[in-house]
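Asks: Before I ask anything, let me first share the structure, which is written out below as structure tokens.
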Amino acid sequence: MNINSQLAELYNSKFENLKNLFSELQKREIYDYSWPLLLYVREEEYRKAPYKLMVVGQETYGWDNPIRTLNDIEMSMAGYKNFSLGQNRSKSNFWPWVHEFNMLLGNPDNYCFVWNNILKFGKDCDKGRPVQDVTDQENRYFNVLANEVSILKPDVCIFLTGPNYDKDIKAKFDDAEIIPLGDYPIREVAQIKSSHLPIHSYRTYHPGYGNRYTEWYHKVFESIIERVISDK
């Protein structure tokens with residue numbers, strides 16, 4: 001079974017959970033949340049890449065790919081595919097840095113990595129975290145990030161989430177340890193150890209921060225890349 005079929009099978013298996021999640025939020029009169037981010041992989045490019053890379057951000061800035069029926073799972077994955085890994089987001093701070101990290105790894109194709117988020121649900125039409133109830137219900141009903149990693153089997157995971165999302169990393173990976181990397185303060189750069197993640201899993205600040213300290217941020221990327229490449 002190919003990767004996207006496995007992802008679709010995973011999401012389909014959680015469809016009733018999603019309905020329960022939406023029902024719980026409706027009971028609480030919570031409506032400011034996006035639809036969930038469901039992945040689609042350009043499998044040929046991903047498999048051929050020298051390093052299979054997963055980039056994990058924070059949450060979407062809205063995500064208009066509704067899921068009301070089982071048929072919507074495939075349509076939502078197609079929405080991710082058509083988003084084209086931020087190719088049309090010229091004003092975004094996030095995507096230029098993501099593509100730079102992919103390039104520094106020596107990966108030749110813009111579509112060969114996977115973008116994910118530590119929170120599958122963001123706000124409906126704004127940036128930033130949703131209210132805590134949304135994330136609590138996500139963790140209860142739709143905690144699928146470890147399953148996605150198991151299907152995708154990346155060589156490298158970089159969490160561009162910053163230290164304030166460390167508790168979310170631990171909620172998604174129950175055995176995660178966040179440990180210092182080299183001489184960096186742990187809030188700035190860390191390695192993440194988990195049986196669910198590849199050896200080369202790291203966390204640093206979001207590109208919104210990195211864009212204010214571009215020289216420092218670039219050096220962080222180079223330090224991480226050096227560790228990855230030296231281990232090959």
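Asks: Obtain the nm distance between the two label points defined at K219 and D136 by a simple spin-label model: each point lies 7 Å from its Cα along the Cα-to-C-beta direction.
Replies: Reported label-point gap for K219 and D136 is 4.3 nm.
Asks: Taking loop as defined by DSSP and a crowding limit of 14 other beta carbons within 10 Å, which GluC sites (Glu not before Pro) in region 1-64 fit?
Replies: E29
Asks: If one takes the longest principal axis of the Cα atoms in the chain, at what angle in degrees, from 0 to 90 and to the nearest 10, does the Cα axis of helix 132-141 lie?
Replies: Approximately 80 degrees, to the nearest 10.
Asks: Please enumerate, by chain and number, the aspartates and glutamates with C-alpha under 18 Å from the C-alpha of K27, excluding those fewer than 8 residues away in the same chain.
Replies: Hits, sequence-local ones excluded: E16, D124, D133, D136, E138.
Asks: Using the structure shown, select from K167/K232; K167/K193; K52/K172 the pairs with a Cα to Cα distance greater than 26 angstrom.
Replies: On the way: K167/K232 30 Å; K167/K193 14 Å; K52/K172 20 Å.
Correct reply: K167/K232.
Asks: Separation of region 82-144 and region 157-198 by C-alpha centroid, Å?
Replies: Between the Cα centre of region 82-144 and that of region 157-198, the gap is 17 Å.
Asks: So if the hydrodynamic radius of region 72-142 is defined as the Kirkwood radius over C-alpha pairs, what does Stokes-Einstein give as its diffusion coefficient at 4 °C and 1.567 mPa s, in µm² per second?
Replies: Details: Rh = 14.3 Å.
D = 91 µm²/s.
Asks: Work out, step by step, the length gained on full extension between S84 and Y61: first 0.36 nm times the residue separation, then minus their alpha carbon distance; give nm to one decimal.
Replies: 6.7 nm
Asks: What translational D, rounded to a whole number of µm²/s, comes out for region 55-108 from Stokes-Einstein when the hydrodynamic radius is the Kirkwood one over Cα pairs, at 37 °C and 0.692 mPa s?
Replies: On the way: Rh = 12.9 Å.
D, rounded to a whole number, is 254 µm²/s.
Asks: Could you report the accessible area of R212 in Å², rounded to 10, computed with a 1.4 Å probe on the protein chains as they sit in the structure?
Replies: 150 Å²
Asks: Okay, next question. Taking a quarter of the surface of the convex hull around the Cα atoms of the chain, what do you get in nm²?
Replies: 12.0 nm²
Asks: Mind pulling the angle between the C-alpha long axis of helix 94-104 and the longest principal axis of the chain? Nearest 10 degrees, somewhere in 0 to 90.
Replies: 50 degrees
Asks: Would you calculate the separation in nanometres between label points at D109 and C125, each defined as 7 Å from the Cα along the Cα-to-beta-carbon direction?
Replies: The two pseudo-label positions are separated by 3.7 nm.
Asks: If you don't mind, another one. What do you get for the angle between helix 214-230 and the principal long axis of the chain? Use alpha-carbon atoms, 0 to 90 degrees, nearest ten.
Replies: With both axes taken from Cα atoms, the answer is about 80 degrees.
Asks: Could you sort 217-225, 125-133 so that the peptide with the highest average Cβ count within 10 Å comes first and the rest follow in order?
Replies: 217-225, 125-133
Asks: Could you compute Rg(Cα) / (2.2 N^0.38 Å) for region 7-64, with N its residue count?
Replies: Numbers: Rg = 15.3 Å, N = 58, 2.2 N^0.38 = 10.3 Å.
So the Cα radius of gyration is 1.49 times the expected 2.2 N^0.38 Å.
Asks: Taking Rh as the Kirkwood radius computed over C-alpha pairs, what is the Stokes-Einstein D of region 1-115 at 10 °C in a medium of viscosity 1.306 mPa s, expressed in µm² per second?
Replies: On the way: Rh = 15.6 Å.
It diffuses with D of about 102 µm²/s by this estimate.
Asks: For N93 paired with Q6, estimate the spin-label separation in nm (one decimal), with each label point 7 Å from Cα along the Cα-to-Cβ line.
Replies: Each label point is offset 7 Å from its Cα along the Cβ direction, giving 3.5 nm.
Asks: Determine, from the Cβ-Cβ distance of E24 and N164 and an R0 of 41 Å, the FRET efficiency 1/(1 + (r/R0)^6), rounded to the nearest 0.05.
Replies: About 0.95, to the nearest 0.05.
Asks: Suppose the chain between E177 and E100 were pulled fully straight at 0.36 nm per residue; how much longer would it get relative to their current alpha carbon spacing?
Replies: Details: separation 77, 0.36 × 77 = 27.72 nm, distance 2.67 nm.
So the chain would gain 25.0 nm between E177 and E100.
The values are calculated or read from the model by the stated rules, or taken from the named source; none is laboratory data. Note that this is a predicted model, so its numbers are computed, not measured. All Cβ positions, even for glycine, are placed from backbone atoms using ideal geometry, and neighbour counts span all protein chains on display. Side chains included, ligands, DNA and RNA excluded: accessible areas come from the protein's heavy atoms. Shrake-Rupley method; radii C 1.70, N 1.55, O 1.52, S 1.80 Å.
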